[in-house]
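The numbers here are math on the coordinates, done by the rules we state, and not lab data. Computed from a predicted structure; not experimentally measured. As a convention, Cβ positions derive from the backbone with ideal geometry for all residues, glycine included, and neighbour counts pool all protein chains shown.
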Amino acid sequence: MVSIRSSHEIEKIARSAQIVADTLDMLAEKIEPGVPIIDLDRMAEEFIRAQGARPAFKGYMGYPATLCVSIDDVVVHGIPNGDLLQEGQIVGIDCGVEKDGYFGDSARTFAVGEITPEKKKLMAVTKKSLMKGIKAAKFGNYVSDIGYAIQTYVEANGFSVVRELVGHGIGTRLHEEPQVPNYGKPKQGQKLREGMCLAIEPMINMGEKDVYTDEDGWTVRTKDGESSAHFEHTIAILKDRTIILSQRSHNG
Ligand code: MF3
Ligand code: CO
């Protein structure tokens with residue numbers, strides 16, 4: 001069942017999503033060669049708890065950290081460790097927060113120092129594909145229109161869409177119905193309704209779409225070893241507009 005949220009509930013989801021946005025803004029300043037990844041995780045957890053909120057990923061199905069930090073060929077769910085960030089890497093940082101029983105979820109991919117033009121393009125196309133997906137996520141459209149918009153744009157730019165992981169409804173749980181694939185045909189299945197809150201999160205590969213999971217049971221990597229990027233926003237669908245809750249300007 002898909003939950004329809006009242007404006008009061010959307011405000012709660014917005015509050016959590018705002019804490020995620022502020023956490024990612026804080027982390028953006030720290031990204032540089034030589035920084036231990038585990039330090040980013042510690043800073044994020046402190047920052048979140050200081051606001052009376054809790055890291056939503058920590059303990060979720062046994063996940064051990066506040067952030068997912070996914071470097072280069074890691075698509076998503078990289079577990080923070082003592083490794084140092086290195087010049088030329090692209091680093092996906094995914095963060096979820098729960099406050100007062102409501103969840104927010106967002107991810108961005110950052111460059112560490114100078115990166116190749118191809119990695120720059122991958123980041124830009126992935127970010128723009130998220131915005132195309134959000135644009136398609138409007139009242140009266142279908143859930144599948146989101147994935148269609150993302151896939152069409154990504155493939156026109158020569159990259160590929162990961163199939164194994166998808167976006168999701170969000171609200172009083174981190175993952176709710178519906179699933180939001182980043183690929184597929186338009187105008188299929190469920191319609192988007194007023195009060196639906198979704199996390200849209202394209203995972204885009206530079207090479208082939210295929211992925212596998214490491215022995216740790218979490219780290220998802222590209223099969224061909226090429227880089228992957230990930231951007232995610234939590235959004236709310238209203239009758240006359242769609243609001244991006246996990247970015248600063250959502251009040252404006
Ligand atoms: N943003 C990811 C998702 O929505 C993060 C979940 S990772 C986990 O699926 F650690 F919480 F499992
Ligand atoms: Co998510």
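Structural remarks
- Enumeration of residues in the stretch 27-40 that are under 21 Å from residue 64 (Cβ atoms) and in a helix (DSSP H, G or I): 27, 37, 38, 39, 40
- Residue ranges of strands (runs of 3 or more DSSP E) in the stretch 205-252 with at least 1 members more than 16 Å from ligand 1 (Cβ to nearest atom), touching a residue at least 12 places away in the same chain (Cβ under 8 Å) and more than 20 Å from residue 132 (Cβ to Cβ): 220-222
- A Cβ distance below 9 Å, combined with a sequence gap of six or more or placement on separate chains, defines the contacts here; from the stretch 183-202, residues that are closer than 19 Å to residue 153 by Cα and of a type outside the set (Ser, Thr, Tyr) reach residues that are more than 16 Å from ligand 2 (Cβ to nearest atom) and in a loop (DSSP other than H, G, I, E, B) in the pairs 186/141; 187/141.
- Residue in the stretch 233-242 that is surrounded by fewer than 17 Cβ atoms within 10 Å (Cβ to Cβ), more than 14 Å from the chain's Cα centre (by Cα) and of a type in the set (A, V, I, L, M) present: yes
- Summed over the stretch 39-63, residues that are among the small types (Gly, Ala, Ser), away from ligand 1 (no atom under 16 Å from the Cβ) and in contact (Cβ under 8 Å) with a residue 24 or more places away in the chain total 1.
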